[in-house]
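Worksheet: the structure to be examined is printed underneath.
What follows draws every value from the coordinates through simple rules; no lab data is involved. Owing to the predicted nature of the structure, the values given are computational and were not obtained by experimental measurement. As a convention, Cβ positions derive from the backbone with ideal geometry for all residues, glycine included, and neighbour counts pool all protein chains shown.
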């Protein structure tokens with residue numbers, strides 16, 4: 001794209017001077033420099049860092065566990081990071097639709113784009129919280145290792161070795177899921193939205209109130225009958241646990257948490273963003289440990 005055309009596409013995000021400079025060499029990197037990688041979500045960024053080690057410079061766009069990811073708005077800093085990235089990883093399935101617009105506005109160059117949803121066969125309309133599916137991260141990790149090896153062949157053996165280490169490190173997580181499934185398969189639980197849905201399915205829990213959950217996720221009002229059914233499940237203790245997204249505690253979520261407390265239904269907090277000071281494996285295991293503790297209560 002000519003510099004003038006690039007300015008028109010990038011100007012709103014990068015500013016005219018930055019856009020003119022950036023149009024020269026999208027995705028270019030100095031010889032021997034660490035590869036610039038952008039991950040839309042910090043759990044994907046963490047996986048990239050575990051595989052790339054010292055040979056990658058990772059920027060994670062969504063990284064604040066106290067922020068509702070659905071309220072995110074892209075900034076010029078985000079656009080600049082994307083423009084210089086050699087590898088980009090994002091979720092897809094309409095979870096981070098702003099990425100498509102940003103990628104279109106920041107040029108292609110030598111950039112490799114990895115979309116988790118495409119790798120696991122999910123699309124808009126499906127539950128987009130793909131990282132809670134135990135099958136997702138191994139698939140994403142293999143794609144990341146391949147992309148890093150293609151962009152930086154000199155260190156391919158390092159990426160391959162780190163990939164093997166990462167895949168091996170998921171075994172305790174898989175073992176925990178299997179143990180929970182063996183003990184609690186079929187138990188009824190509920191949630192304020194389907195963040196934990198894939199993990200719940202892997203454990204074999206009977207997840208209730210799905211229409212309510214989808215309404216919450218899509219920022220629409222649940223029907224009166226769906227709200228009543230949810231409240232009845234809690235008041236009559238028809239469910240063993242209430243799972244909620246602590247990054248999106250709207251009024252209705254707070255209402256259900258209050259009823260759960262009154263009814264002595266255990267609650268489990270999950271998040272859409274990886275907490276600081278944890279890697280992906282520890283984050284998932286901590287939430288599964290909390291779930292196990294809650295399910296064990298009578």
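Check whether at least one residue in the range 172-180 is under 29 Å from residue 293 (Cβ atoms), out of contact with any strand residue (DSSP E or B) (no Cβ under 9 Å at 6 or more places or on another chain), part of a loop (DSSP other than H, G, I, E, B) and touching a residue at least 60 places away in the same chain (Cβ under 8 Å), and report yes or no.
Going residue by residue through the range 172-180, those that are under 29 Å from residue 293 (Cβ atoms) are 172-180.
Next, from what is left, pick out any that are out of contact with any strand residue (DSSP E or B) (no Cβ under 9 Å at 6 or more places or on another chain): 172-180.
Right, trim to part of a loop (DSSP other than H, G, I, E, B) and you get none.
No, that holds for no residue.
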Can you confirm whether residue 292 is surrounded by fewer than 17 Cβ atoms within 10 Å (Cβ to Cβ), touching a helix residue (DSSP H, G or I) at 6+ places or on another chain (Cβ under 7 Å) and in a helix (DSSP H, G or I)? yes
